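**Student:** Shown below is the structure under consideration.
Values in this text are rule-based calculations from the coordinates and carry no lab data. Remember, it's a predicted structure, so these values are computed and weren't measured experimentally. Note that we place each Cβ from the backbone using ideal geometry, even for glycine, and neighbour counts take in every protein chain shown.
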Amino acid sequence: MVPWGVIVVLGLVIAVVVRLFVFQLYYVPSTSMNPTIKAGDRILVDKLAFHLHPVDRGDIIVFRRPPAAQCGQQDPNFVKRVIGLPGETISGKDGHVYIDGKQLAEPWLPKVSTTYTGTFGPDKIPAGDYFMMGDHRTTSCDSRYWGPIKRSAIVGEVVMRVWPISSLRFY
């Protein structure tokens with residue numbers, strides 16, 4: 001029979017390994033992803049996702065705070081949506097995003113007049129970088145202000161909202 005101490009230690013080791021390398025819960029402190037993800041939500045992030053498949057436009061990801069980010073929140077990680085991919089030219093005009101001169105369809109945005117993208121660019125996204133934006137464009141401190149992020153800054157992909165339990169949702 002295995003002693004309880006061995007079982008407890010083994011359980012703790014497994015929990016630490018899973019948290020460090022596979023899944024991690026994150027608290028969302030800001031409203032930049034409203035209404036998709038709200039301030040106070042808890043999200044589950046898959047840290048292995050982008051080792052198994054590429055980063056795609058529309059993915060919601062957690063990434064390390066860019067050094068140039070001068071936002072009110074002091075959280076070490078940000079949650080945003082991938083809008084621009086490496087090598088693309090991105091711009092914003094008349095409330096819409098344009099990728100290589102073509103208007104981007106953004107079905108994830110709320111269908112209300114308060115969604116405003118603003119004017120920016122055109123900017124060429126360097127190889128290995130991604131242009132990130134929040135879904136609540138009027139309050140989102142994102143790549144429009146601090147530029148694209150490096151692939152190495154990506155922590156993982158948001159796979160589900162786990163809290164509040166009444167708003168449980170897979171992404």
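**Student:** Any idea what log10 I(q)/I(0) is at q = 0.20, 0.25 Å⁻¹ for the range 84-148, Debye with uniform C-alpha scatterers and no solvent?
**Tutor:** -0.75, -1.17
**Student:** A follow-up question, please. Can you give the convex hull volume of the alpha carbon atoms of the chain per residue, in Å³?
**Tutor:** 138 Å³
**Student:** So, one more: Would you mind pulling out the separation of the Cα centroids of the range 22-36 and the range 55-71, in Å?
**Tutor:** So the two Cα centres are separated by 12 Å.
**Student:** Assuming R0 = 41 Å, what is the FRET efficiency of Asp100 and Ser152, from their Cβ-Cβ distance, to the nearest 0.05?
**Tutor:** 0.95
**Student:** At a 10 Å Cβ-Cβ cut-off, how would you order Ser140, Ser167, fewest neighbours first?
**Tutor:** Ser167, Ser140
**Student:** With only Lys, Arg, Asp and Glu charged, each at its Cβ (+1 for the first two, -1 for the last two), find how big the charge dipole of the chain is about the Cα centre; round to the nearest 20 debye.
**Tutor:** Dipole of the chain, to the nearest 20 debye: 200 debye.
**Student:** Only Cα pairs under 8 Å and at least 6 apart count here; give the relative contact order of the range 4-170 as a rounded whole percent.
**Tutor:** Once normalised by length, the contact order is 27 percent.
**Student:** Against the longest alpha carbon principal axis of the chain, how many degrees, from 0 to 90 and to the nearest 10, is the axis of helix 4-21 turned?
**Tutor:** The two axes meet at around 10 degrees.
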